[in-house]
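First up is the structure itself, then whatever we jot down about it.
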Amino acid sequence: MWRAPFDFRKIVTMPKQAAAPDRSVPRTRVRSGDSSIDRRGRLRDAPPFLSYGFRPFFLFGSGYAALAVPLWLWTYFRGSGPAGPLSGLAWHAHEMLFGYLGAVMAGFVLTAVPNWTGRLPISGLPLAAMAGLWCVGRLALLAHPEPLSAAFLDLLFPIMLAAAVWREILVGRNFGNLPIALLITLFASANGLDHAGALVPALGGYGIRLGLAVAALMIAIVGGRVTPSFTRNWMSRAGLAPLPAAMDRLDKTALMLTAGGLAGWVASPHAFVVGTVLASAGVLLLVRLFRWRGYRTLGEPIVLVLHLGYLWLAVALLLLGLGALLPSIIPTSSAIHALTAGAVGTMTLAVMTRASLGHTGRAIASDRQTNTIYVLVTLGALFRVAAPLVASAYIPLVVAGGLLWSVAFGLFVIAYGPMLVSKRVGR
């Protein structure tokens, strides 16, 4: 059976029992200069909130998502944008992609790297500095009107993140995870390209499409690894059969078509051949998803939501492809929001809820608040995708979709914020 060179499951799962040992922090001694440092002792030196990347970045990112969409709706109806260098629509697209998603990606990868390399996590003051740079970028695009200096301030964070990931992987000689470092670097480059597009009209749109393509590819790869794995584990415990299908040639073909279609979409989004490849990739992802038997997980929302996130990805690629083939029928906005509000929103919440529970020592199970988060983000995405298809109800659907989506992230802050800022249970 094909195996990824990196095990993404370590970032989004932990032992079931709350008091179980923290296996995300190996009992090893790590060399630092001329002395060895006990990793567990070193982690105790940092405040809980700054002990691992998922804590500040999941909290800041979700809080920003909860606020940024209502702010965008307010500026949209007011007919003006923020005081920063980007117009209202450009600011909305940039910040939801490179602001919100950039934070979640940082939380994910900074928590995963220690598992992959066996090295100390970035914590304490270095982690605080990275979170501070992320905040500086958000403030610069919100209120600093000079384009070049705002772009410089915004790019400090993704450049620092990419450099940190490269350093940890290379020093730790964990070369199997180089593809993740490459994707993080490509995401940072897309951020810079989007700023360049604001100054050079010929480059307009390329940065956003490249960033979205990286996001979609990461969901296809990471989601394609963890979703069947967690489903298989849950079905085995429940005594259900048959189990999700193992990865085979169909899965590899689906991923290759996804990567190829997304690359073509970045370069030429309306080309007939690109639309054909994307639509084909969407169909194969649907087949792949069905083979994981997510319909058996209806009684386990924290597993089911992973299938919903992957379903949104398949639908998004299918809509992007059909939009290129049938532009008069499928609005581009519906396809884009199926990817962003649907796939990105659902999958990031699925990962954030699961990882936050596991890495703070709690049982990985969804309660009423968590289930409400999943329902709200799903309804918000459905309304937003449907809005361009129902012209007579466009404004009500946009508003309802945006507010429901934002409330989902606000509820995440309320429900998960206390555990993100406090000590791990059992310590």
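Structure data summary
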{"item": "Kyte-Doolittle mean at least 0.0, axial Cα span of 24 Å or more - DSSP H helices of the chain", "result": "54-78, 124-143, 147-171, 178-199, 249-267, 272-291, 301-325, 368-386, 394-421"}
{"item": "Charged-residue dipole, Cβ positions (Lys, Arg, Asp, Glu), the chain about Cα centre, Debye nearest 20", "result": "1660 debye"}
{"item": "Selection from ALA213, THR258, PRO201 lying farthest towards where the dipole of the range 144-283 points positive, charges on Cβ", "result": "THR258"}
{"item": "Choice from ASP194, ASP251, ASP154 showing the highest fluctuation, given a GNM over the chain with Cα pairs closer than 10 Å", "result": "ASP251"}
{"item": "Most mobile of ALA129, ALA386, ALA68 in a GNM of the chain (Cα contacts under 10 Å)", "result": "ALA129"}
{"item": "Gyration tensor (alpha-carbon) shape descriptor, the range 120-189, a/c threshold 1.5", "result": "oblate"}
{"item": "Mean separation of Cα contacts under 8 Å (6+ apart) over length of the range 279-427, as relative contact order %", "result": "23 percent"}
{"item": "Given charges at Cβ of Lys, Arg, Asp, Glu: the chain dipole, positive-most of TRP72, ILE330, TRP405", "result": "TRP405"}
{"item": "Taking the range 162-215 and dividing mean pair separation by its residue count, relative contact order in percent (alpha carbons under 8 Å, at least six apart)", "result": "28 percent"}
{"item": "Mean Cα-pair separation over length for the chain, i.e. relative contact order, pairs under 8 Å, 6 or more apart, %", "result": "19 percent"}
{"item": "Rounded Å value of the spacing that divides the Cα centres of the range 194-227 and the range 107-136", "result": "22 Å"}
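Values quoted throughout were computed directly from the atomic coordinates according to the rules given, and no laboratory measurement underlies them. All values derive from a computational prediction rather than experimental measurement. We place every Cβ from the backbone using ideal geometry, glycine too, and count neighbours over all the protein chains shown.
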